[in-house]
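First up is the structure itself, then whatever we jot down about it.
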Amino acid sequence: MTFNVLFGGEDRFDAILALLARVRPDVLVLQECLWWETGDRLHQVATALGIPSSAAHIHLGTSRPRWSGRRYHVVVASRRPLRAIQNHNDPRLIGHCLVQCQLDSGGPLTLFGTHYDAHQEDIRLVEARYLCDLLEPQTFQEEQYLLAGDLNSLSRKDPYPSDLADKLLSAGTDKYGHPPRFSVMDTLESFGWVDTLYHRQSPAHWVTAQRQRNGVVIDYRTDYILASPRMAERLIGSEVVDVGTASDHHAVVATFREG
C-alpha cells in the first residue's frame, strides 16, 4: 500500500491510523511524514498495522530539506523484516528521498519507496532516471522489484479528458507542463516497470487526487505501485482505496500471490 498522508497528517492522525488498521497491508509506504522523526508516530503506525515497532519493521527515510527547511520524509513498514535498508539522498532527488530495502517474499524482493517532485516534470524525470540507473536491466527483468509512492506524474493509461490541456491552462496548473507531459511514466515503463493498476485489469476507480483551482475541477492519478515483470506475474489485483478525510490523496493497494 502507498499513501500520502498530507503534510504530516497531524490533525488527521486518528483517521490515518484507523485506515491503516482497516486495510492492514503487509507492506506500507507513506509520504509527507513531516516531523515524524520526533514523537511516537512510528510506534502508533506499527501498532495500527499489528507489526513490531522495531527498526527491522518500520523505517523513516530522512528526506532532503526543502527551501523552507521542512523534510517530507518517506516511511516504509513491513510485516516481514526489512533488510539492507538504504536511504538515497542524492541531490538529484531534490526535496525528497528514495528508500531501498529488501524483504523475503517467496525469494528476495527489493522495494523502493519514494515521493517525486511536485513542481516540474523535468525534475521528476531526473528522479526517475536516477532510479533506473540504480538497476541493472537484465537483473531487473529476472528478479522481483516494487516501486511505490507519490510520483506526481501522469500516465497515458488513465482516461484523462481530451481537453485536459485546456483544463490545466484554465486552472493555472503548470506542474505537468503545457501541453501536459507523460515523460516520467513513459521512462519508467520503457525501462520495464509494470503499472499494477492496469495489468490484466480495468480498474473500477483510478483517481487518487482531485484538485480544484480557479473553479476548474480535475481528476488525477499521481500515486502508483509499479512492479518488475517477474513480480507482475504474481499480481492478483490492484485498486484505489478511498481514504475519506484522512488525506487529500487516496491510497493504492496491490495484492500479490506468494512466490
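The values are calculated or read from the model by the stated rules, or taken from the named source; none is laboratory data. Since we're looking at a predicted model, the values are computed, not measured. Cβ coordinates were reconstructed from backbone atoms using ideal geometry, including for glycine residues, and neighbour counts include every protein chain displayed. When the accessible area is computed, the model is the full protein with side chains, heavy atoms only, and any ligands, DNA or RNA have been set aside. Shrake-Rupley method; radii C 1.70, N 1.55, O 1.52, S 1.80 Å.
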Query raised in the report: Mind checking whether some residue in segment 5-17 is in contact (Cβ under 8 Å) with a residue 24 or more places away in the chain, among the β-branched types (Val, Ile, Thr) and either open to solvent by 20 Å² or more (accessible area, probe 1.4 Å) or under 29 Å from residue 231 (Cβ atoms) (or both)?
Result: yes
Report summary line: Screening 95, 69, 107 for residues that are of a type in the set (Gly, Ala, Ser) and under 24 Å from residue 181 (Cβ atoms) leaves only 95
Report summary line: Checked 173, 187 against criteria (open to solvent by less than 60 Å² (accessible area, probe 1.4 Å), in contact (Cβ under 8 Å) with a residue 40 or more places away in the chain and touching a Cys at 6+ places or on another chain (Cβ under 8 Å)); the one match is 187
Report summary line: Within segment 63-83, of all residues that are of a type in the set (A, V, I, L, M) and not in a loop (DSSP other than H, G, I, E, B), the one farthest from residue 46 (Cα to Cα) is 74
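For residues in segment 71-100 being charged (D, E, K, R), within 28 Å of residue 126 (Cα to Cα) and touching a helix residue (DSSP H, G or I) at 6+ places or on another chain (Cβ under 9 Å), which is least open to solvent (accessible area, probe 1.4 Å)? It would help to see each step written out before you state the result.
Kept after step one, since they are charged (D, E, K, R), are these residues of segment 71-100: 71, 79-80, 83, 90, 92.
Narrowing the set further to residues that are within 28 Å of residue 126 (Cα to Cα) leaves 71, 83, 90, 92.
Next, only the ones that are touching a helix residue (DSSP H, G or I) at 6+ places or on another chain (Cβ under 9 Å) stay: 90, 92.
Values: 90: 40, 92: 106 Å².
Selected residue: 90.
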Query raised in the report: Only one of these conditions is not met by residue 181: (1) open to solvent by less than 20 Å² (accessible area, probe 1.4 Å); (2) among the charged types (D, E, K, R); (3) farther than 30 Å from residue 104 by Cα. Which number is it?
Result: (1)
Query raised in the report: Out of 241, 252, 216, 207, which single residue is under 27 Å from residue 24 (Cβ atoms), among the aliphatic types (A, V, I, L, M) and in contact with a helix residue (DSSP H, G or I) (Cβ under 8 Å, 6 or more places away or on another chain)?
Result: 241
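Can you confirm whether segment 37-48 contains a residue that is closer than 19 Å to residue 152 by Cα and surrounded by fewer than 17 Cβ atoms within 10 Å (Cβ to Cβ)? Write out each step before concluding.
Step one: of segment 37-48, the residues closer than 19 Å to residue 152 by Cα are none.
No: zero hits.
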Requested in this report: State which residue pairs qualify: first residue under 20 Å from residue 92 (Cβ atoms) and among the small types (Gly, Ala, Ser) and inside segment 56-80, second residue open to solvent by less than 40 Å² (accessible area, probe 1.4 Å) and part of a loop (DSSP other than H, G, I, E, B) in any location, beta carbons under 7 Å apart, and separation of 6 or more residues or different chains.
Outcome: 61/73; 61/97; 63/72; 63/73; 63/95; 63/96; 63/97
